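Chemist: Here it is, the structure in full.
The values are calculated or read from the model by the stated rules, or taken from the named source; none is laboratory data. Here the structure is a predicted model, which is why all the values come from computation and not from measurement. No Cβ is skipped: glycine too gets one built from the backbone with ideal geometry, and neighbour counts run over all protein chains shown. Only protein heavy atoms, including side chains, enter the accessible area calculation; ligands, DNA and RNA are left aside. Shrake-Rupley method; radii C 1.70, N 1.55, O 1.52, S 1.80 Å.
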Amino acid sequence: MAAWSPAAAAPLLRGSRGFPFHCVHRMFASQTEGELKVTQILKEKFPRATAIKVTDISGGCGAMYEIKIESEEFKEKRTVQQHQMVNQALKEEIKSMHGLRIFTSVPKH
């Protein structure tokens with residue numbers, strides 16, 4: 001049997017796309033600290049939002065998020081402008097992220 005070494009174990013400790021294994025699978029359905037932080041910022045920046053959903057799609061690492069937000073603030077704005085508003089609201093947080101998926105909409109009355 002070969003001796004154990006960190007180099008030999010590295011592939012086993014890595015999940016998909018190179019994220020550490022603990023980031024690949026979330027054990028609980030509750031929001032992560034990062035999801036809660038991003039959600040709180042969006043609630044403050046978009047007080048008229050009727051729906052905000054933030055999902056850490058990196059498995060809990062905080063490297064990549066999917067954001068779905070429905071708000072009156074987006075009314076009469078093009079999609080690119082809506083996304084720019086979200087990017088501006090999360091300007092500081094985005095600096096430490098690998099990626100961000102944004103879905104915006106206006107409430108239907």
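Chemist: Restricting to the stretch 55-79, give me the number of residues that are assigned to a strand (DSSP E or B) and of a type in the set (Lys, Arg).
Modeler: 1
Chemist: Can I ask one more? Would you be able to say whether some residue in the stretch 78-95 is within 20 Å of SER30 (Cα to Cα) and surrounded by 13 or more Cβ atoms within 10 Å (Cβ to Cβ)?
Modeler: no
Chemist: Scan the stretch 57-77 for residues that are under 11 Å from the mean Cα position of the chain (by Cα) and either closer than 20 Å to GLU44 by Cβ or open to solvent by 90 Å² or more (accessible area, probe 1.4 Å) (or both) and jot them down.
Modeler: GLY62, TYR65, GLU66, ILE67, LYS68
Chemist: Could you figure out which of (1) modelled with pLDDT under 90; (2) surrounded by 13 or more Cβ atoms within 10 Å (Cβ to Cβ); (3) not aromatic (Phe, Trp, Tyr) isn't true of GLY18?
Modeler: Unmet for GLY18, out of (1) modelled with pLDDT under 90; (2) surrounded by 13 or more Cβ atoms within 10 Å (Cβ to Cβ); (3) not aromatic (Phe, Trp, Tyr): (2).
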